[in-house]
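Structure first, commentary second.
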C-alpha cells in the first residue's frame, strides 16, 4: 500500500509548516513539516531555513521511508487505507523503530479490529523533558485523532 493524499494532508495538518528551524516541545531542532533530519542525514540546527518546496521534498522523502517500514511490519494483515494512513502518521511522528516494538503494532497484527488499539495509540502521549517522560496534551490529542482515523471505515 501507499499513503493516500488524505494521509499526507493529515500529517501536514498535524505537523504544521515552519520554514525556520525551531525547537519542538522536547527541545529537538525541527523544520518544515516536523523534520529533524535532512536527506543527507545531517540534523536540523538552530538558524536553518528552507523554502516550501524543500519542506515538501523532505516530507515526501520521510513519508517514503516510513511507508516502506510500515508496509513490512503489517504485511501479514489486511488494512484499509485509513488504518494504513494512521500508522504512517504515527511512524512519522515517533519513528518506525518505536512502532516496530510497540503494543500498538502487536495488537494490530493480532487483530486489526481490536478496539483496544485506541488505547495502544494513546500510550504514546509523552515527551522527554530533562530525562523525564511527561504527558503532553498535544500528543494525546494527536494520538486520539490517529486512532479515530484508524477506525474510520
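The values are calculated or read from the model by the stated rules, or taken from the named source; none is laboratory data. Every value quoted in this text rests on a predicted model; they were computed, and no experiment measured them. Neighbour counts are summed over all protein chains in view; Cβ atoms, including those assigned to glycine, are modelled from backbone coordinates with ideal geometry.
Answer yes if at least one residue in region 123-133 is in contact (Cβ under 8 Å) with a residue 24 or more places away in the chain and assigned to a helix (DSSP H, G or I), and no otherwise.
Within region 123-133, the subset in contact (Cβ under 8 Å) with a residue 24 or more places away in the chain is 124, 127-129.
Cutting the leftovers down to assigned to a helix (DSSP H, G or I) gives us none.
Scanning region 123-133, I find no residue that is in contact (Cβ under 8 Å) with a residue 24 or more places away in the chain and assigned to a helix (DSSP H, G or I), so the answer is no.
Could you tell me which of the residues 117, 127, 88, 108 is in contact with a helix residue (DSSP H, G or I) (Cβ under 7 Å, 6 or more places away or on another chain), surrounded by 12 or more Cβ atoms within 10 Å (Cβ to Cβ) and at pLDDT below 95? Reasoning before the result, please.
Details: 117 fails: at pLDDT below 95; 88 fails: at pLDDT below 95; 108 fails: at pLDDT below 95.
Within the list 117, 127, 88, 108, the selection yields 127.
So is residue 45 under 28 Å from residue 130 (Cβ atoms) and modelled with pLDDT under 95 or not? First the steps, then the outcome.
Working: under 28 Å from residue 130 (Cβ atoms): yes; modelled with pLDDT under 95: no.
Taking the combined requirement at face value, the residue does not satisfy it.
Could you please tell me which pairs satisfy a Cβ distance under 6 Å, a separation of 6+ or placement on different chains, a first residue in region 80-106 that is at negative phi, and a second residue that is modelled with pLDDT under 95?
Short answer, once both residue conditions are applied: 84/1.
Does region 130-150 hold any residues that are surrounded by 15 or more Cβ atoms within 10 Å (Cβ to Cβ) and either at pLDDT below 95 or touching a strand residue (DSSP E or B) at 6+ places or on another chain (Cβ under 7 Å) (or both), and which are they?
136, 139
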